[in-house]
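See structure below.
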Amino acid sequence: MSTILFVLTGARHWTLNDGTAHPTGYWAEELLAPYRAFTEAGHRVVFASPGGVEPVVDRASLAPEVNDGKDVEPELTAIIDLKAPLDLASIDVAAYDAVFYPGGHGPMEDLAVDADSGRVLTETLDSGKPLAVVCHGPAALLAARREDGTSPFAGYRLTGFTNAEETQAGLADKAPWLLQDRLTALGAEFDEGLAWQPHVVVDRNLYTGQNPASSASLASAVLTRLAE
């Protein structure tokens, strides 16, 4: 049985470009779909967050209109216990077989600047183990740095929530920066698929998903790698 580390945001809000706070947290689909896939395949999932803060769900992600008309909260609370996650500072990457970063706007607020997360990302990348990030999860990649200050993800082909999706969702004008722009500026090769359609990019041991609809496909790709 493999053990998968899920790194979750500890943020309760994200700061808009006018300085106001907007409630956030992890996005339900981006946590629930991969968690279900890994556990049903017999893998153990362990949660961690900055400072061991108990993560909260982005309430907007529970709305039936973004979940094919389904009420996902009962399933979410029934199968996932997020109390007392591990502190990212204590994480030894060697203890895990894969690392998965779900999305939500939270990563833009805390994981994008979290040094412990940056270390976990860099060590996982260098280990050759599967490293998966989805939607706004790739914001966490911004915190990873080599000793010379360069990004370990420069030159990698990857995806994430696109400028087009930010604009169509009405978020682009509110955000102080856009994920696609920041990753491209760091030297990543950003691969933009169709808006709102599942899109997964695999480059070496880096697995990235473009949007919430990509969550299940991303987990499936990692499961295939683990089964090899």
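The values are calculated or read from the model by the stated rules, or taken from the named source; none is laboratory data. This one's a predicted model, so the numbers in the text were calculated from it and none came from an experiment. We place every Cβ from the backbone using ideal geometry, glycine too, and count neighbours over all the protein chains shown. Just so you know, the surface numbers come from the protein's heavy atoms only, side chains and all, with ligands and any DNA or RNA stripped out. Shrake-Rupley method; radii C 1.70, N 1.55, O 1.52, S 1.80 Å.
For the stretch 94-118, a tally of residues being touching a helix residue (DSSP H, G or I) at 6+ places or on another chain (Cβ under 7 Å) and farther than 18 Å from G137 by Cα returns 1.
Checking the stated criteria, V133 turns out not to satisfy the condition of being among the hydrophobic types (A, V, I, L, M, F, W, C), outside any strand (DSSP E or B) and at negative phi.
Helices (runs of 4 or more DSSP H) fully within the stretch 26-129 that include at least 1 residues being surrounded by 20 or more Cβ atoms within 10 Å (Cβ to Cβ), at pLDDT 95 or above and charged (D, E, K, R): 28-40, 106-109. Residue pairs whose Cβ atoms lie under 7 Å apart, sitting 6 or more positions apart in sequence or on different chains, and linking a residue in the stretch 146-172 that is acidic (D, E) to a partner that is in a loop (DSSP other than H, G, I, E, B), are E165/A195; E165/W196; E165/N211; E166/A172; E166/A175; E166/L178.
Let's see how each residue does on (1) in a loop (DSSP other than H, G, I, E, B); (2) over 16 Å from the mean Cα position of the chain (by Cα); (3) closer than 22 Å to T15 by Cβ:
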site	(1), (2), (3)
T150	yes, yes, no
W177	yes, yes, yes
A195	yes, yes, no
T208	no, no, no
S217	no, no, no
T224	no, yes, no
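For G155, are the conditions met, namely being modelled with pLDDT under 95, assigned to a loop (DSSP other than H, G, I, E, B) and not hydrophobic (A, V, I, L, M, F, W, C)?
Values: modelled with pLDDT under 95: no; assigned to a loop (DSSP other than H, G, I, E, B): yes; not hydrophobic (A, V, I, L, M, F, W, C): yes.
So G155 does not fit the description; no.
Here is a yes/no grid of residues against (1) open to solvent by 10 Å² or more (accessible area, probe 1.4 Å); (2) over 21 Å from F47 (Cα atoms); (3) of a type in the set (S, T, Y); (4) at pLDDT 95 or above:
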{"residue": "C135", "(1), (2), (3), (4)": "no, no, no, yes"}
{"residue": "T159", "(1), (2), (3), (4)": "no, yes, yes, yes"}
{"residue": "L183", "(1), (2), (3), (4)": "no, yes, no, yes"}
{"residue": "L206", "(1), (2), (3), (4)": "no, no, no, yes"}
{"residue": "S220", "(1), (2), (3), (4)": "yes, no, yes, yes"}
{"residue": "L223", "(1), (2), (3), (4)": "yes, no, no, yes"}
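Kindly indicate the residue of the stretch 211-220 that is in contact with a strand residue (DSSP E or B) (Cβ under 7 Å, 6 or more places away or on another chain) and touching a residue at least 24 places away in the same chain (Cβ under 8 Å) and also nearest to G160 (Cα to Cα) among those meeting that condition. Restricting to residues being in contact with a strand residue (DSSP E or B) (Cβ under 7 Å, 6 or more places away or on another chain) and touching a residue at least 24 places away in the same chain (Cβ under 8 Å), the top hit is S214. Looking only at the stretch 198-205, decide whether some residue is outside any helix (DSSP H, G or I), more than 18 Å from the chain's Cα centre (by Cα) and not basic (K, R). Among the residues of the stretch 198-205, not one is outside any helix (DSSP H, G or I), more than 18 Å from the chain's Cα centre (by Cα) and not basic (K, R), which makes the answer no.
Among the residues of the stretch 80-94, are any under 24 Å from V200 (Cα atoms) and either of a type in the set (V, I, T) or touching a strand residue (DSSP E or B) at 6+ places or on another chain (Cβ under 9 Å) (or both)? If you could, list the steps in order and put the result at the bottom.
Pass one, the stretch 80-94, residues under 24 Å from V200 (Cα atoms): 93.
With either of a type in the set (V, I, T) or touching a strand residue (DSSP E or B) at 6+ places or on another chain (Cβ under 9 Å) (or both) added as a condition, the list becomes 93.
Yes, that holds for at least one residue.
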